[in-house]
Amino acid sequence: MNIFFDTDYTILGVDGSLRPHVGELFQYLTHRGHSIYIWSGNGIRTKDIEKHRLSNFVKGYFEKPVHDYWANTSRLPTEDHPNMVIDDNLEIVATLGGIWVNQYYFPNKADIEMKAVKEIITEIELSGTSEDPRFRKLKF
Ligand SMILES: [Mg+2]
């Protein structure tokens with residue numbers, strides 16, 4: 001699957017720090033044959049990903065639409081369409097399909113939301129769906 005991660009408050013806190021367990025999730029997903037993309041409504045975030053030494057896991061960077069999610073996402077090259085989005089904004093997750101995560105704002109070493117994402121994706125791989133309330137049906 002092409003898995004698109006939002007940046008601010010999904011994998012980065014307000015101070016730019018990396019959310020716990022993002023690195024191990026990226027490693028796991030890459031190992032399972034998924035493609036990881038980073039997008040943001042706040043530009044192309046290559047530098048933020050380089051800073052946290054995660055570039056090797058990332059297949060592509062895009063600007064995330066901030067409205068008309070479906071129409072704007074459909075304009076991406078076909079091979080780069082998101083099969084799943086991970087975002088703290090429920091609206092884009094409900095529109096495109098994926099996993100909503102609670103907003104990561106202040107650094108918190110005890111945060112385990114990325115572990116939940118890993119479990120949900122594993123469940124989807126095994127059964128095609130998930131009963132977790134964070135999950136919204138895949139569309140692409
Ligand atoms: Mg966000």
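Within segment 30-63, the set of residues being open to solvent by 60 Å² or more (accessible area, probe 1.4 Å), assigned to a loop (DSSP other than H, G, I, E, B) and basic (Lys, Arg) comprises 32, 53. Which residues, taken from segment 66-78, are part of a helix (DSSP H, G or I), free of Cβ contacts under 8 Å to residues at least 24 places away in the same chain and not β-branched (Val, Ile, Thr)? Result: 71, 72, 74.
Listed by first and then second residue, the pairs linking a residue in segment 1-29 that is part of a helix (DSSP H, G or I) to a residue that is within 13 Å of the ligand (Cβ to nearest atom) and of a type outside the set (Asp, Glu), with Cβ atoms under 8 Å apart and 6 or more places separating them unless they lie on different chains, are 22/11. Tallying residues that are more than 18 Å from residue 17 (Cβ to Cβ) and within 14 Å of the ligand (Cβ to nearest atom) within segment 97-113 yields 3.
For the condition of a type outside the set (Val, Ile, Thr) and open to solvent by 30 Å² or more (accessible area, probe 1.4 Å), residue 67 qualifies.
A search for C-beta distances below 9 Å between a residue of segment 99-122 that is closer than 17 Å to residue 4 by Cα and open to solvent by 80 Å² or more (accessible area, probe 1.4 Å) and any residue that is within 16 Å of the ligand (Cβ to nearest atom) and of a type in the set (Ser, Thr, Tyr), counting only pairs 6+ apart in sequence or on different chains, returns 103/9; 103/10. Out of the residues in segment 79-95 that are more than 11 Å from the ligand (Cβ to nearest atom), part of a helix (DSSP H, G or I) and within 21 Å of residue 26 (Cβ to Cβ), which is least open to solvent (accessible area, probe 1.4 Å)? Here the residue is 80.
The values are calculated or read from the model by the stated rules, or taken from the named source; none is laboratory data. Keep in mind that what you see is a predicted model, and the values were worked out from it rather than measured. Cβ atoms come from the backbone with ideal geometry, glycine included; neighbour counts cover every protein chain shown. The protein model used for the area step is the full one, side chains on, heavy atoms only, and it has no ligands, DNA or RNA in it. Shrake-Rupley method; radii C 1.70, N 1.55, O 1.52, S 1.80 Å.
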